[in-house]
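Asks: Structure below; questions to follow.
The values are calculated or read from the model by the stated rules, or taken from the named source; none is laboratory data. Model, not experiment: these values are computed from the prediction. In this analysis, Cβ positions are derived from the backbone assuming ideal geometry, glycine residues included, and neighbour counts consider all displayed protein chains.
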Amino acid sequence: MSAVITPPLDLSPRVHSFNAHDFPAPTGREEEWRFSPVAGLAPLFAFDPQAGSVVGRGSDALAIVPAGELSAHWMPIDLPSAVARSGVQQGNVITIPADAQWADPVVIDLVSTTETSYQHVEVNAGQFSTATVVLRQRLQGDVSGAIVVNVADGAQLTVITVLEGDLTSAYAMQMPVFVGRDAAYVGAIATLAGGAVRINSTVDYLSTGGRAELLGAFLSETGQHIEHRVFVTHEAPHCVSDVLYKGALMSPGARSAWIGDVLVRKDAIGTDTHQVNRNLLLSEGARADSVPNLELETGEIVRAGHASATGRFDDEQLFYLQSRGLPLEVARQLVVRGFFAEVLGRIGNAQWRDALLVQISQRLGLDALDGKDD
């Protein structure tokens, strides 16, 4: 398939291609890569003949299929995803039938088989279905690939992605979402692992009335570089997008980058879009880059806005907790936990909200908390 280049009206014109040769090797000087940990991701820029495929386990809703049977309606947008798509041998397809109403989450454990692994996951929600899918990935080596989500007309789908495990591995993932007519999607990602991490999340609306909510929580410490890129394209009228990402940088040398792009095309009247990124610096020498972008081709919208803030602790909150007898370090950890409670509380699943709060508390050294909100 030949490469496609998006029109120059886009915020950041990009190549779309299944052919890895259509993407030059990044140097870090390109606009799309200037915040990225290029050196750490370099092992994922070239095909590794010894690489295996990430295999999912844990549910009858999951089918392992050969690479030739995977969907081709999406296209890689960078070199790591193109290399992974050409190298992956089998993919993981999760199917929620039309009209299904699944109360219990579908939990899939994604397991790497080699030191470098390629990944392809598809989540397909049928018309008027309701379900929650949890993708739990424990890094044990370098991983690149794609998680493709298709939400059919009238469906309501929540996908919770948890990245945990090794703090030194490279991780590059493309996460495209396609939202149908009057469909609702909630995508939540907790990035708690990886040394060099770059996650590209995109949303496209296939018809009118779609809604997408993107939530993110991430921790970064010395030696980690966590990057999230969000690109929401509004082409259909009367669609909603709501983006909220929060990150905490724990120690000197911790790095993060968040780039949020929203493009509202001229026919997307009645659009309601908002994006927010908050970063909490817990140490001197940590750095968080935050770049929200908004481009409007029509003024006939409901709302369009963005906000970004990076700062240290709230001294008044710390003073209040210390005045109640808590040591400074415990007070700091409680403030951080409360910082993440807002974004995780919007997941809509109390069990996984609490589980993620416990994991964050453990990374912060506050193991005694049970992770439950009062």
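Asks: Hey, among the residues in the range 296-317 that are surrounded by 15 or more Cβ atoms within 10 Å (Cβ to Cβ) and not in a strand (DSSP E or B), which one's farthest from the chain's Cα centre (by Cα)? Give the steps one after another, and end with the answer.
Replies: Initial filter on the range 296-317 (surrounded by 15 or more Cβ atoms within 10 Å (Cβ to Cβ)): 296, 298, 301, 304, 306, 308, 310, 313, 317.
Now drop any that are not not in a strand (DSSP E or B), which leaves 298, 301, 313, 317.
Details: THR298: 28, ILE301: 26, PHE313: 25, GLN317: 30 Å.
The extreme case among them is GLN317.
Asks: Another question, then. Do you know which residues across the range 356-374 are buried (at least 20 other Cβ atoms within 10 Å of the Cβ), assigned to a helix (DSSP H, G or I) and modelled with pLDDT under 90? Write out each step before concluding.
Replies: Looking only at the range 356-374, we keep the residues that are buried (at least 20 other Cβ atoms within 10 Å of the Cβ), and these are 356-357, 360-361, 364.
Of the ones still in play, those that are also assigned to a helix (DSSP H, G or I) are 356-357, 360-361.
Correct list: LEU357, ILE360, SER361.
Asks: Can you name the residue in the range 326-354 that is more than 26 Å from the chain's Cα centre (by Cα) and at pLDDT 80 or above and, of all such residues, is nearest to LEU249 (Cα to Cα)?
Replies: PRO327
Asks: Same structure again: Do you know which residues across the range 188-197 are surrounded by fewer than 24 Cβ atoms within 10 Å (Cβ to Cβ) and in a strand (DSSP E or B)?
Replies: ILE189
Asks: What about ARG353, is it basic (Lys, Arg), more than 17 Å from GLU221 (Cβ to Cβ) and surrounded by 19 or more Cβ atoms within 10 Å (Cβ to Cβ)? Before the answer, list the steps.
Replies: Values: basic (Lys, Arg): yes; more than 17 Å from GLU221 (Cβ to Cβ): yes; surrounded by 19 or more Cβ atoms within 10 Å (Cβ to Cβ): yes.
Against the criterion (basic (Lys, Arg), more than 17 Å from GLU221 (Cβ to Cβ) and surrounded by 19 or more Cβ atoms within 10 Å (Cβ to Cβ)), ARG353 qualifies.
Asks: Can you report the number of residues in the range 198-210 which are surrounded by fewer than 22 Cβ atoms within 10 Å (Cβ to Cβ) and in contact with a Lys or Arg (Cβ under 9 Å, 6 or more places away or on another chain)? Working first, answer last.
Replies: Restricting attention to the range 198-210, the residues satisfying the condition of being surrounded by fewer than 22 Cβ atoms within 10 Å (Cβ to Cβ) are 202, 204, 206-209.
From the residues that got through so far, the ones that are in contact with a Lys or Arg (Cβ under 9 Å, 6 or more places away or on another chain) too are 202, 206-209.
Residues that pass the stated criteria total 5.
Asks: Within the set of pairs 6+ apart or on separate chains, which have a first residue in the range 266-280 that is under 22 Å from GLY209 (Cα atoms), a second that is at pLDDT below 95 and hydroxyl-bearing (Ser, Thr, Tyr), and C-beta atoms under 7 Å apart?
Replies: Pairs found: LYS266/THR298; ALA268/THR298; ILE269/THR298.
Asks: Next question, about the same structure. Check ASP242 against each of (1) under 28 Å from ASP267 (Cβ atoms); (2) surrounded by fewer than 21 Cβ atoms within 10 Å (Cβ to Cβ); (3) more than 14 Å from the chain's Cα centre (by Cα) and name the one condition it does not meet.
Replies: All conditions pass for ASP242, except number (3).
Asks: Still on this model: I'd like the residue in the range 1-43 that is surrounded by 11 or more Cβ atoms within 10 Å (Cβ to Cβ) and polar (S, T, N, Q) and, out of all such residues, is modelled with the highest pLDDT.
Replies: Across the range 1-43, the extreme among qualifying residues is SER36.
Asks: What strands (runs of 3 or more DSSP E), lying completely within the range 108-175, carry at least 1 residues that are crowded, with 22+ Cβ neighbours inside 10 Å, among the aromatic types (Phe, Trp, Tyr) and in the same structural domain as LEU219 (by TED's automatic domain parsing)? Even if it seems obvious, please write down each step before you answer.
Replies: Details: elements: 116-125, 130-139, 142-151, 156-165.
So the answer is 116-125.
Asks: For HIS274, all conditions in the list (1) closer than 20 Å to PRO237 by Cα; (2) at pLDDT below 95; (3) surrounded by 13 or more Cβ atoms within 10 Å (Cβ to Cβ) hold save one; what is the number of the exception?
Replies: (2)
Asks: State whether one or more residues within the range 329-342 are charged (D, E, K, R), exposed (fewer than 15 other Cβ atoms within 10 Å of the Cβ) and closer than 21 Å to ILE160 by Cα.
Replies: Step one: filter the range 329-342 for residues charged (D, E, K, R), giving 329, 332, 337, 342.
Keeping just the survivors that are exposed (fewer than 15 other Cβ atoms within 10 Å of the Cβ) gives 329, 342.
Remaining after also requiring closer than 21 Å to ILE160 by Cα: 342.
Looking through the range 329-342, at least one residue is charged (D, E, K, R), exposed (fewer than 15 other Cβ atoms within 10 Å of the Cβ) and closer than 21 Å to ILE160 by Cα.
Asks: I've got another one for you. Looking at the structure I just gave you, is GLY216 in contact (Cβ under 8 Å) with a residue 60 or more places away in the chain, closer than 30 Å to GLN362 by Cα and not hydrophobic (A, V, I, L, M, F, W, C)?
Replies: On the way: in contact (Cβ under 8 Å) with a residue 60 or more places away in the chain: yes; closer than 30 Å to GLN362 by Cα: yes; not hydrophobic (A, V, I, L, M, F, W, C): yes.
Answer is yes for this residue.
Asks: Give the residue, chosen from VAL149, VAL143, VAL83, that is at pLDDT 95 or above, touching a Gly at 6+ places or on another chain (Cβ under 8 Å) and closer than 25 Å to VAL15 by Cβ.
Replies: Details: VAL143 fails: touching a Gly at 6+ places or on another chain (Cβ under 8 Å); VAL83 fails: touching a Gly at 6+ places or on another chain (Cβ under 8 Å).
VAL149 is the lone residue from the list that is at pLDDT 95 or above, touching a Gly at 6+ places or on another chain (Cβ under 8 Å) and closer than 25 Å to VAL15 by Cβ.
Asks: Return the residue satisfying two criteria in turn: it lies in the range 229-275 and is among the aliphatic types (A, V, I, L, M), touching a helix residue (DSSP H, G or I) at 6+ places or on another chain (Cβ under 8 Å) and in a strand (DSSP E or B), and of such residues it is nearest to ASN200 (Cα to Cα). First the steps, then the outcome.
Replies: Residues of the range 229-275 that are among the aliphatic types (A, V, I, L, M), as a first pass: 230, 232, 236, 240, 243-244, 248-250, 254, 257, 259, 262-264, 268-269.
Retained after the next criterion (residues that are touching a helix residue (DSSP H, G or I) at 6+ places or on another chain (Cβ under 8 Å)): 244, 248, 250.
Now drop any that are not in a strand (DSSP E or B), which leaves 244, 248.
On the way: LEU244: 15, ALA248: 19 Å.
Restricting to residues being among the aliphatic types (A, V, I, L, M), touching a helix residue (DSSP H, G or I) at 6+ places or on another chain (Cβ under 8 Å) and in a strand (DSSP E or B), the top hit is LEU244.
Asks: Kindly indicate whether LEU70 is modelled with pLDDT under 95, in contact with an Asp or Glu (Cβ under 9 Å, 6 or more places away or on another chain), in the same structural domain as MET175 (by TED's automatic domain parsing) and surrounded by 13 or more Cβ atoms within 10 Å (Cβ to Cβ).
Replies: Numbers: modelled with pLDDT under 95: yes; in contact with an Asp or Glu (Cβ under 9 Å, 6 or more places away or on another chain): yes; in the same structural domain as MET175 (by TED's automatic domain parsing): yes; surrounded by 13 or more Cβ atoms within 10 Å (Cβ to Cβ): yes.
In short, yes.
Asks: Within the range 279-295, which residues are out of contact with any helix residue (DSSP H, G or I) (no Cβ under 8 Å at 6 or more places or on another chain), assigned to a strand (DSSP E or B) and either within 14 Å of ALA248 (Cβ to Cβ) or not assigned by TED's automatic domain parsing to the domain that holds GLU221 (or both)? Give the derivation first.
Replies: Of the residues in the range 279-295, the ones out of contact with any helix residue (DSSP H, G or I) (no Cβ under 8 Å at 6 or more places or on another chain) are 279, 281, 283-295.
Now restrict to residues that are assigned to a strand (DSSP E or B): 279, 281, 287-295.
Across the range 279-295, the qualifying residues are ASN279, LEU281, ARG287, ALA288, SER290.
Asks: Right, another one. Quick check: is even one residue across the range 211-221 within 26 Å of THR310 (Cβ to Cβ), surrounded by fewer than 21 Cβ atoms within 10 Å (Cβ to Cβ) and not aromatic (Phe, Trp, Tyr)? Walk me through how you get there before you give the answer.
Replies: We begin by selecting, within the range 211-221, every residue within 26 Å of THR310 (Cβ to Cβ); these are 212-221.
Right, trim to surrounded by fewer than 21 Cβ atoms within 10 Å (Cβ to Cβ) and you get 213, 221.
Narrowing further to those that are not aromatic (Phe, Trp, Tyr): 213, 221.
Within the range 211-221 (the criterion being within 26 Å of THR310 (Cβ to Cβ), surrounded by fewer than 21 Cβ atoms within 10 Å (Cβ to Cβ) and not aromatic (Phe, Trp, Tyr)), the answer is yes, since at least one residue qualifies.
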